């Protein structure tokens, strides 16, 4: 009866499990697994497959038989010579790949949303960021017409000042984003930006810009201007209104403070 | 079972993409109801630049170049018709869906459904009476005939080059970089200044960069601009030959930017000037440049969009070769009266005063109050100088041994500046940078196009990149691989010996 040789079965099994991982994670779930994690998975898979394959002596002998044959069978002379030349070279190459100097950019860790300070000094005033609210926000309920007007004015501010980097679609892909690309301009349509933030945080980030970031936010690298140099307090609140209106997100609010004010 | 799902999923995905990519084929009837629906989409998505009344005068308009299209005059640049005619609906659809590369017009197909884009096309057309009048007269628009690209021989392409030099050089320049003698005096019919395309940068071709796209633009011209239809003076076969020639000078994809400019060690004679072939020994890194819109008088409309940088060094000096395309070398010898602005072109390399030990760097825009930077600034027609800067508005001349040894040698050929900065590696004193090998050194760039009125803080800038003078490779890098290789070879010998002994015993 013809059986699959043990060695081929072992290699085939390991390859099949690897293929399965790639298929499931990369193509079906669209969650590519980091190479380091994949290496760890495959290490265990290899160990388990080898354990199973060498569970008794006959099985183990059958597994190494072809390898033994490679070493002493006269008829495999050529293959043997080829393998014996290639194996040390491969070892050299793989190790060199690890030791060779890489000239990649150094890794820089930057906090994208650093914790805001309690208060910020700007426009000659001190603002308490814990209680600061957008003065136009309440008008959404009390005076819709005035609210729409403020959004419209915010849109003008946005297109005159912000869209060059943050984009027509507020997706952070304005025509200057190709040059100001590290850090990339914020994508306001992403669920991880303004949708997670209070309006006071936006006020702080806009008014004091890149240079107003704490050190963990890498203030030296951000091209975000200090907008208090160009916009009034009123214009900043209106452009914040526009950002939420256009994207359809609601700002995060401090619930417990609402009832008292 | 699971394995076979992967190709299936890919095939389904491919089908889906194909289906999504061919909407323009489905021409829609643009009814008034459609236009009414398009109004809301237009006001939310388009009015910021094109204006509520469609006259290309939205809040952003004055700060964009090219200016947003004015739909009232209906001078559509890319209409798939011949110069001066109104555009086909499908061409407007394409511009909205795909965007216009190299301009500020993005493609909208990722946020608008196909139906919505047709609604917007219907609405946009209502801004101009011209479309309605055409309909009243019962006229139909003739699409520009393109056909398929003929097979072009080398002789055809050579002929195309001659035709190019005869018909296109005046604006697009000898090398196609948009630097012809007329380039500095071109106007759109509506009055604003425009520049001829730099044909070497295919990723900025508004209407696509395939050879068919090139033919279409060369044959049909660009309505409202000085780019005429060339079918009036040339045969289609000749225009195809020109397209065939442009096809040989265009780089279609924007080169990938690397964060690190790697400096190559050289031995022997250093590069004598910017055109010395030695410069090519170092790899080139393309650095994007954008307008300085952060401090002082902001600059929204730079002409320069990138600089290519190479670095070489020997035991004493660093050689920094920078190349950037500029439509003119200014100040112009003879300023043109249409646009009399005539500042000098300039370029600056920005470096920190000391190599930062940690992550912290000086502020990328000209340094900060407590973190100065130095600038090596070359100005066309002036001397090269070293400046100490604590902010983009605060740069002062800086003197020192390295500063006085700094030199810059620049040439301008066919729309491209090439400048070679040379300076000793050693800073030679306080307040000037000593460039060390094997260290990551922040580096940034500024460029001024004087003929575009750029001066002081009004310029094109880059963010920080890294300069790394590649150190000689240490031997240990090869030691470990050699040990591993020898170990494997030894193991093999041992195996052979062992097996042979085994075999002998058996016998």
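The values are calculated or read from the model by the stated rules, or taken from the named source; none is laboratory data. Computed from a predicted model, the values in this text were never measured in an experiment. Glycine gets a Cβ as well: all are built from the backbone with ideal geometry, and neighbour counts include every protein chain shown.
None of B:324, B:417 is within 14 Å of another protein chain (Cβ to nearest Cβ) and under 30 Å from residue B:182 (Cβ atoms) except B:324. Here residue A:190 meets the list (1) assigned to a helix (DSSP H, G or I); (2) surrounded by fewer than 19 Cβ atoms within 10 Å (Cβ to Cβ) almost entirely, failing just condition (1).
For residue B:93, the conditions (1) crowded, with 18+ Cβ neighbours inside 10 Å; (2) within 14 Å of chain A (Cβ to nearest Cβ) all hold with the exception of (2). Counting only residues that are more than 7 Å from every other protein chain (Cβ to nearest Cβ) and without any contact (Cβ under 8 Å) to a residue 12 or more places away in the chain, region A:175-189 holds 1 of them. Taken over region B:72-110, the criterion of being under 18 Å from residue B:127 (Cβ atoms) and not in a loop (DSSP other than H, G, I, E, B) is satisfied by B:89, B:91, B:92, B:93, B:95, B:96. Count of region A:201-229 residues, restricted to those that are in contact (Cβ under 8 Å) with a residue 60 or more places away in the chain, farther than 12 Å from residue A:116 by Cα, touching a strand residue (DSSP E or B) at 6+ places or on another chain (Cβ under 9 Å) and within 14 Å of chain B (Cβ to nearest Cβ), is 1.
Yes or no, residue by residue, for (1) closer than 24 Å to residue B:97 by Cβ; (2) under 25 Å from the mean Cα position of the chain (by Cα):
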position	(1), (2)
B:169	no, yes
B:184	no, yes
B:209	yes, yes
B:234	no, no
B:238	no, no
B:246	no, yes
B:253	yes, yes
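Among the residues of region A:1-15, those that are more than 14 Å from every other protein chain (Cβ to nearest Cβ) and either part of a loop (DSSP other than H, G, I, E, B) or surrounded by fewer than 14 Cβ atoms within 10 Å (Cβ to Cβ) (or both) comprise A:1, A:2, A:3, A:4, A:5, A:8, A:11.
Out of the residues in region B:399-417 that are modelled with pLDDT under 95 and part of a loop (DSSP other than H, G, I, E, B), which is surrounded by the most Cβ atoms within 10 Å (Cβ to Cβ)? Checking each candidate, the answer is B:400.
Of all residues in region B:458-507, those that are free of Cβ contacts under 8 Å to residues at least 24 places away in the same chain, more than 7 Å from chain A (Cβ to nearest Cβ) and farther than 30 Å from residue A:81 by Cβ total 3.
If you go through region B:111-125 and pick out every residue that is in a loop (DSSP other than H, G, I, E, B) and touching a residue at least 24 places away in the same chain (Cβ under 8 Å), you end up with 2. When we screen A:66, A:32 for residues that are touching a residue at least 40 places away in the same chain (Cβ under 8 Å) and in contact with a helix residue (DSSP H, G or I) (Cβ under 7 Å, 6 or more places away or on another chain), the only hit is A:66. Among the helices (runs of 4 or more DSSP H) confined to region B:1-56, the ones with at least 2 residues that are modelled with pLDDT of 85 or more, closer than 26 Å to residue A:164 by Cβ and within 9 Å of another protein chain (Cβ to nearest Cβ) are located at B:32-45, B:47-50. For region A:16-66, filtered to residues that are within 27 Å of residue B:495 (Cα to Cα) and within 13 Å of another protein chain (Cβ to nearest Cβ), the residue that is farthest from the chain's Cα centre (by Cα) is A:65.
The residue that is farthest from residue A:240 (Cα to Cα), counting only those in region A:121-172 that are assigned to a helix (DSSP H, G or I), touching a helix residue (DSSP H, G or I) at 6+ places or on another chain (Cβ under 6 Å) and within 14 Å of another protein chain (Cβ to nearest Cβ), is A:159.
When region A:173-202 is filtered for residues that are over 20 Å from residue A:217 (Cβ atoms) and within 17 Å of the chain's Cα centre (by Cα), the ones remaining, listed by number, are A:173, A:189, A:191. Is it the case that residue B:77 is more than 28 Å from residue B:190 (Cβ to Cβ), away from chain A (no Cβ under 14 Å) and modelled with pLDDT of 95 or more? Against the criterion (more than 28 Å from residue B:190 (Cβ to Cβ), away from chain A (no Cβ under 14 Å) and modelled with pLDDT of 95 or more), residue B:77 does not qualify.
Only a single item in (1) at pLDDT below 95; (2) touching a helix residue (DSSP H, G or I) at 6+ places or on another chain (Cβ under 8 Å); (3) more than 8 Å from every other protein chain (Cβ to nearest Cβ); (4) surrounded by 14 or more Cβ atoms within 10 Å (Cβ to Cβ) is not met by residue B:431, and it is number (2).
A single entry from B:420, B:365, B:351 fulfils the requirement of being at negative phi and part of a loop (DSSP other than H, G, I, E, B): B:365. Here residue A:220 does not fit the description of being in a helix (DSSP H, G or I) and touching a helix residue (DSSP H, G or I) at 6+ places or on another chain (Cβ under 9 Å).
Residue A:106 falls short on exactly one of the conditions (1) more than 7 Å from chain B (Cβ to nearest Cβ); (2) touching a strand residue (DSSP E or B) at 6+ places or on another chain (Cβ under 7 Å), and that condition is (1). Residue check: residue B:213 meets all listed conditions (1) touching a residue at least 12 places away in the same chain (Cβ under 8 Å); (2) assigned to a helix (DSSP H, G or I); (3) within 23 Å of the chain's Cα centre (by Cα); (4) away from every other protein chain (no Cβ under 14 Å) but one, namely (1). Confirm whether residue B:62 is surrounded by fewer than 18 Cβ atoms within 10 Å (Cβ to Cβ), free of Cβ contacts under 8 Å to residues at least 60 places away in the same chain, facing chain A (nearest Cβ under 10 Å) and assigned to a loop (DSSP other than H, G, I, E, B). Considered against the rule, which asks whether it is surrounded by fewer than 18 Cβ atoms within 10 Å (Cβ to Cβ), free of Cβ contacts under 8 Å to residues at least 60 places away in the same chain, facing chain A (nearest Cβ under 10 Å) and assigned to a loop (DSSP other than H, G, I, E, B), residue B:62 comes out as no.
When region A:232-251 is filtered for residues that are in a loop (DSSP other than H, G, I, E, B) and crowded, with 20+ Cβ neighbours inside 10 Å, only A:251 remains. When A:198, A:160 are checked against the criterion of being surrounded by 19 or more Cβ atoms within 10 Å (Cβ to Cβ) and in contact (Cβ under 8 Å) with a residue 24 or more places away in the chain, a single residue qualifies: A:198. The residues of region B:434-452 that are in a strand (DSSP E or B) and away from every other protein chain (no Cβ under 14 Å) amount to a single one, B:448.
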